[in-house]
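One structure is given here, and the rest of the page talks about it.
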Amino acid sequence: MLVILLALTGGIGSGKSTVSLLLAANGAVIVDADEVAKQLQAPGGAVLAAMVERWGSGILQPHGTLNRQAVADIVFNDADELRALNKMTHPAVRREMARQAREQADTGAVTIMDTPLLVETFDKQPPFSGIVVVDVPPEVAVERLMRYRGFSDVDAWARISQQADRQERLGIAGFVIDNSGPPEALDEQVLRMMAWARTLPHVDPPPAPRERVAGDQPSAN
């Protein structure tokens, strides 16, 4: 059982989601950490229950779903609370992503694990065929966060400061997609990246997820 397994990462405001959509349109199979985390934090999920136990029902919408902005307001200005959130979520996300990646073994598909916090969790990641980084200067990321997501200047810089810095991400890249220009500039880069991916060695897919045992915190992204 082998697979072409890539990691896709980029800081907040880099436009990684746009790149991911283009890769999917060009035949890649995307395993998205953010989407997996949302599923695990849905009503009835153990991760959501752990979050409510720590921060109370004030992090819920009236209909019981997670109010992500309420959680962001708590964790992104408090390093201890951010660590607590990560401890609740990350292991569960990694287990589910590993399961989805294993489903692509021997299919011939380029399988891409879309992982925003790749650098921060690198020692816990599986072996990859290659690593793709979506790169923009921090100033561009801040401007986009303010324009498209309604962040204040202070909030945008605070969120960026919580993540690995640009040079750390570039230091592990096998292929860099420059997303500092207009959206149409991505098309040719994505095609080149897919061609590059098909030259890479196949690797063993991530091992079967370990079932959670007593004392193993459900963990998030």
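The values are calculated or read from the model by the stated rules, or taken from the named source; none is laboratory data. Since this is a predicted model, take the numbers as computed values, not measurements. With ideal geometry, Cβ positions are generated from the backbone for all residues, glycine too; neighbour counts draw on all protein chains shown. Calculation scope for accessible area: heavy atoms of the full protein, side chains included, ligands and nucleic acids excluded. Shrake-Rupley method; radii C 1.70, N 1.55, O 1.52, S 1.80 Å.
Structural remarks
- Among residues of the range 156-189, those that are closer than 21 Å to Leu117 by Cβ and without any contact (Cβ under 8 Å) to a residue 24 or more places away in the chain, counted: 5
- Checked against (1) of a type outside the set (Lys, Arg); (2) on the phi < 0 side of the Ramachandran plot; (3) open to solvent by less than 70 Å² (accessible area, probe 1.4 Å), Gly56 passes all but condition (2).
- Within the range 117-133, the set of residues being open to solvent by less than 20 Å² (accessible area, probe 1.4 Å), under 12 Å from the mean Cα position of the chain (by Cα) and in contact (Cβ under 8 Å) with a residue 60 or more places away in the chain comprises Leu118, Val133.
- Of all residues in the range 55-71, those satisfying the criterion of being in contact (Cβ under 8 Å) with a residue 12 or more places away in the chain and closer than 19 Å to Val93 by Cα are Thr65, Leu66, Val71.
- Hits in the range 19-37 - residues which are surrounded by fewer than 16 Cβ atoms within 10 Å (Cβ to Cβ) and more than 11 Å from the chain's Cα centre (by Cα): Leu21, Ala24, Ala25, Asn26, Gly27
- Criterion (in contact with a helix residue (DSSP H, G or I) (Cβ under 7 Å, 6 or more places away or on another chain) and either open to solvent by 40 Å² or more (accessible area, probe 1.4 Å) or assigned to a helix (DSSP H, G or I) (or both)) met by exactly one of Met51, Met113: Met51
- Criterion violated by Ala72 - all others in (1) assigned to a helix (DSSP H, G or I); (2) at pLDDT 90 or above; (3) in contact with a strand residue (DSSP E or B) (Cβ under 9 Å, 6 or more places away or on another chain) satisfied: (3)
- Restricting the range 3-36 to residues that are more than 26 Å from Gly171 (Cα to Cα) and of a type in the set (A, V, I, L, M, F, W, C), the residue that is modelled with the highest pLDDT: Ala25
- Taking residues in the range 85-96 that are assigned to a helix (DSSP H, G or I) and small (Gly, Ala, Ser), and partners anywhere that are at pLDDT below 90 and surrounded by fewer than 19 Cβ atoms within 10 Å (Cβ to Cβ), the pairs with Cβ atoms closer than 8 Å and at least 6 places apart or on different chains are Ala92/Ala46; Ala92/Arg212.
- Of all residues making up the range 1-18, the number that are more than 17 Å from Asp187 (Cα to Cα) and within 13 Å of the chain's Cα centre (by Cα): 7
- The residue list Met146, Met88 contains one member that is of a type in the set (A, V, I, L, M), more than 19 Å from the chain's Cα centre (by Cα) and either more than 22 Å from Gly13 (Cα to Cα) or open to solvent by 20 Å² or more (accessible area, probe 1.4 Å) (or both), which is Met146.
- Residues that are among the hydrophobic types (A, V, I, L, M, F, W, C) and touching a strand residue (DSSP E or B) at 6+ places or on another chain (Cβ under 6 Å) do occur in the range 116-127, at least one of them.
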